[in-house]
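The values are calculated or read from the model by the stated rules, or taken from the named source; none is laboratory data. In this text, all values refer to a predicted model and were calculated from it rather than measured experimentally. Ideal geometry is used to build each Cβ from the backbone, glycine not excepted, and the neighbour counts take in all protein chains shown. In case anyone asks, the SASA skips ligands and DNA or RNA and just uses the protein heavy atoms, side chains included. Shrake-Rupley method; radii C 1.70, N 1.55, O 1.52, S 1.80 Å.
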Amino acid sequence: MDQQKLQALVEEISSSCFNKPFTHKAVFNNRLRSTGGRYMLSSHDIEINPKQLIEHGEEELEGIIKHELCHYHLHLEGKGYRHRDRDFRHLLAEVGAPRFCTPIQAAKAVKTIHLYKCNSCLQRYERKRRMDTRKYVCGKCGGPIRHMI
């Protein structure tokens, strides 16, 4: 799906589910990581995470679009558009939009980047950040530590 098809889909969902036009831009944003989409308050544009479409399909994408359109229409009408507002929750239920999107698997995976090992007792240390092995010793036996990976 490209940007033009996304724009047409958002406009179609807005007119069919909300009976109101969507007059701003809807775009894919590859930089979104943990969210399915977002509504921009200043420009009134909607950004969608393309990984949601790839990983979960078009049905999940339509749910995300409905969710963001709830923010969009309520904000333009001057009603409660935030997640905690009653107007927002009521409109979500009315159009059948999900409150939260299905998490992306790649966003949840936390990888260990650095593996350290004590030369004396062979104690392993897994770290996200690199550390200077000249400054630190093993917490178990006090022996020298070396970088494995």
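Side notes on the structure shown:
- Scanning the range 31-46 for residues that are more than 19 Å from residue 88 (Cα to Cα) and of a type in the set (D, E, K, R) gives 31, 33.
- Considering the range 1-36, the residues that are of a type in the set (Gly, Ala, Ser) and open to solvent by 40 Å² or more (accessible area, probe 1.4 Å) include one that is modelled with the lowest pLDDT, namely 34.
- Residue among 149, 64, 54, 113 that is under 30 Å from residue 26 (Cα atoms), out of contact with any Cys (no Cβ under 8 Å at 6 or more places or on another chain), free of Cβ contacts under 8 Å to residues at least 40 places away in the same chain and of a type in the set (Val, Ile, Thr): 54
- Note on the range 37-47: among residues that are part of a loop (DSSP other than H, G, I, E, B) and farther than 15 Å from residue 3 by Cβ, the one that is most open to solvent (accessible area, probe 1.4 Å) is 42.
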